[in-house]
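Trainee: Mind looking over this structure? Questions follow.
No value in this document is a laboratory result; all are computed from the given coordinates. Please read these numbers as outputs of a predicted model, since none were measured by experiment. Reconstructed Cβ throughout: ideal geometry from the backbone, glycine too, with neighbour counts over all protein chains shown.
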Amino acid sequence: MSLVYPKMQLSEVVEEHPSLIPVINRFGIRLGLGDKSVQFICEKQALDPDFFLTMINTFLNEDYFPEKKLQSFHTSLLVDYLTQTNHYYQRSQLPNIERHLNYFISMSTPENSSLKVIRKFFYSFKDELLKRIAKDEKIWFPYCLSLSEKLKDITLPVFHKEEEGKTEDPIEALLADLKSIMIKHLTGEYDENLCYAVIVSINTLEKDIRQHNRIRYRILEPIVWGMEHS
Amino acid sequence: MTHRYKNIAIILSDTLQRIGLRCLLLDYFSPIEITAFPGFDDFCKVEEDSFDFYFTQPDIFICNADYFLPKRNKTILLLNDSSSALPPPGQGFHSLPLKASQEVILEQLQHLFASTINHTPNEGNRELSSREIDVLQLIVKGITNKEIADKLNISLNTVLTHRKNITSKLGIKTVPGLTFYAIMNGLISGDEIEL
């Protein structure tokens, strides 16, 4: 997978990777991109092109994660980005899966009890995610921002968080189980086409949350730790 | 994880070779775990004896023959050309021709992995024991580990071990996931939990 650079036409990049559309939307960029370069569009939207490109590139390439560079961005940029992803989960992705799932269940045989269990499963996932988002907005993000405001004149060293002993994120684990269970254990009569739509929407959210979590655990948390101990 | 992934060590001094081999293996043979080292010294620092395969070059192999000879079934030498004299073929080790086409290299790797690793997870091992089923039935009712221990008259540690084994046998990590499994397999009826 190749990286995106400032001189490239954003429309060409998005044509190649339509999954970027929600990501550019988070930065306030809408379709109707014409043939403008990434750099031009960033200037017009008053975005830091370096930050924009790093977010796009880490989203597209799961192997690409320049920790040093990411930790050098201002805390408020990272918090803003994570806030936007939370909004997107809350306003688009969760309702989207829910809509597909309800339609899928209503179009399948009513006595198929496995589908009801899947619905219950989805709601417990939704609950967890919404709880985390609420906590982010009320407690954690304001805390990160106030710390960085207090320490704005101090340059902090880069921190590397050890991968060892890291516990799995419960949100990711729930999503992975939800997908895996549908693929491995679905039984009875059901609508194949709608089932696929549900799995695709789960998969899209899963990928997005993976990137969100990498930034959360490997960038923002170490920065905050560094600020707390400076 | 229900089964362990292939665990591979790459010990090559040439950076591009290391990256190239790593990409090829990840692209075509995932899921796979790869650790790459520029030299044998770096490799020794983390050596845990648990690699399934070692990819290395002839000079590193020769200099550390004591290490590699007992592992020759698991060692793959990257050779510049097939007529290379070092070390002699036919002694149980594998080789990969550096200058062959990608197609040939992939075929050889496929052959190597197919002949030595059993890809299918061990089905026989994945049945839950009756005690594990007892624990599972209680987990999905939302009972805490401590209460499960009291109810079944076992220690908290035993409960944790059972939980770990259930997760690894079923490949399901979360309580809602386990609930689904329990209902679909008739281990608990839908009426016992709220749908």
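Trainee: Stick to Cα atoms and the Kirkwood definition of Rh, then tell me Rg/Rh for the range A:1-89. Kindly include the intermediate steps, with their values, before the conclusion.
Mentor: Values: Rg = 12.4 Å, Rh = 13.4 Å.
That ratio equals 0.93.
Trainee: What is the mean number of Cβ atoms from other protein chains located within 10 Å of the Cβ atom of each residue in peptide A:172-180, rounded to a whole number?
Mentor: Working: counts 1, 5, 5, 1, 5, 11, 4, 0, 5.
Rounded to a whole number, the mean comes out at 4.
Trainee: Let me ask another. Could you state the orientation-averaged shadow area of the convex hull built on the Cα atoms of chain A, in nm² to one decimal? All intermediate terms of the calculation are to be shown ahead of the outcome.
Mentor: Details: hull surface 57.3 nm².
With every direction weighted equally, the projected area is 14.3 nm².
Trainee: How big is the range B:6-116 in terms of Cα radius of gyration and Dmax, in angstroms?
Mentor: Rg and Dmax of the range B:6-116, Cα atoms, are 12.9, 34 Å.
Trainee: Further question: Work through the residues other than residue A:170 whose Cβ is under 12 Å from its Cβ and net out their charges, Lys, Arg +1 and Asp, Glu -1.
Mentor: Details: positive: A:131, A:132, B:173; negative: A:127, A:128, A:168, A:169, A:172, A:177.
It works out to a net charge of -3.
Trainee: Here's a follow-up. Based on alpha-carbon centroids, what's the gap between the range B:160-190 and the range B:39-79 in Å, whole number please?
Mentor: Using only Cα atoms, the two centres lie 41 Å from each other.
Trainee: Could you pull out the longest piece of chain A with no exposed loop GluC sites (Glu not before Pro) in it, calling a site exposed if DSSP puts it outside H, G, I, E, B and it has at most 16 other Cβ atoms within 10 Å?
Mentor: The reported range is A:1-61.
Trainee: If you take the charge dipole of the range A:81-230 about its Cα centre, with +1 on Lys and Arg Cβ and -1 on Asp and Glu Cβ, which of A:117, A:198, A:84 is farthest toward its positive end?
Mentor: A:84
Trainee: How charged is the neighbourhood of residue B:131? Take every other residue with its Cβ under 14 Å from the Cβ of residue B:131, and add Lys/Arg as +1 and Asp/Glu as -1. Let's see the in-between values first.
Mentor: Numbers: positive: B:151, B:163, B:164, B:169; negative: B:127, B:132, B:134.
Within the 14 Å Cβ shell, the charges total +1.
Trainee: Evaluate peptide B:129-140: per residue, the Cβ atoms of other protein chains within 10 Å of its Cβ; return the mean as an integer. Before the final figure, lay out each step's value.
Mentor: On the way: counts 0, 0, 0, 0, 0, 0, 0, 0, 0, 0, 0, 0.
Other-chain Cβ atoms within 10 Å of each residue's Cβ, averaged: 0.
Trainee: Trypsin sites (Lys or Arg not before Pro) within the range A:19-64: which are DSSP loop residues with at most 13 other Cβ atoms inside 10 Å? Intermediate values should be presented prior to the final figure.
Mentor: Details: sites: A:26, A:30, A:36, A:44; in loops: A:30, A:36.
For trypsin sites (Lys or Arg not before Pro) across the range A:19-64 that sit outside H, G, I, E and B with at most 13 neighbouring Cβ atoms in 10 Å, the list reads A:30.
Trainee: For the protein assembly as shown, what does the helix formula give at 222 nm: sum of -39500 (n - 2.57) over DSSP H segments with n ≥ 4, over the residue count, nearest 500 deg cm²/dmol? Don't jump to the answer; show the numbers that get you there.
Mentor: Numbers: 21 runs with 236 residues, N = 425.
Per the formula, -17000 deg cm²/dmol.
Trainee: Could you state the orientation-averaged shadow area of the convex hull built on the Cα atoms of the range B:124-192, in nm² to one decimal? Write out the running numbers ahead of the final one.
Mentor: Numbers: hull surface 17.3 nm².
Projected area, direction-averaged: 4.3 nm².
Trainee: Another question, if that's okay. So which of A:131/B:164; A:36/A:131; A:120/B:151; A:207/B:146 end up more than 32 Å apart, counting from Cα to Cα? Walk me through the numbers before you get to the answer.
Mentor: Details: A:131/B:164 26 Å; A:36/A:131 40 Å; A:120/B:151 27 Å; A:207/B:146 35 Å.
In this structure, A:36/A:131; A:207/B:146 lie more than 32 Å apart at Cα.
Trainee: Right, something else. Averaged over peptide A:113-123, how many Cβ atoms belonging to another chain are found within 10 Å of each residue's Cβ? Let's see the in-between values first.
Mentor: Working: counts 5, 4, 0, 3, 10, 2, 1, 8, 6, 1, 1.
For this peptide, the per-residue mean of nearby foreign Cβ atoms is 4.
Trainee: With +1 on each Lys and Arg Cβ and -1 on each Asp and Glu Cβ, how big is the dipole of the protein assembly as shown about its Cα centre, in debye rounded to the nearest 20?
Mentor: Numbers: 46 positive and 56 negative charges, 141 e Å.
Charge dipole of the protein assembly as shown: 680 debye, to the nearest 20.
Trainee: Of all chymotrypsin sites (Phe, Trp or Tyr not before Pro) in the range A:31-125, which ones are in loop regions per DSSP and have a Cβ with at most 13 other Cβ atoms within 10 Å?
Mentor: Details: sites: A:40, A:51, A:52, A:59, A:64, A:73, A:81, A:88, A:89, A:103, A:104, A:121, A:122, A:123, A:125; in loops: A:64, A:73.
In loop regions of the range A:31-125 (DSSP not H, G, I, E or B), the sparsely surrounded chymotrypsin sites (Phe, Trp or Tyr not before Pro) are A:64.
Trainee: What value does the protein assembly as shown have for Rg/Rh, both radii from Cα atoms and Rh as Kirkwood defines it? It would help to have the intermediate numbers written out before the result.
Mentor: Working: Rg = 25.6 Å, Rh = 25.5 Å.
Rounded to two decimals, Rg/Rh equals 1.00.
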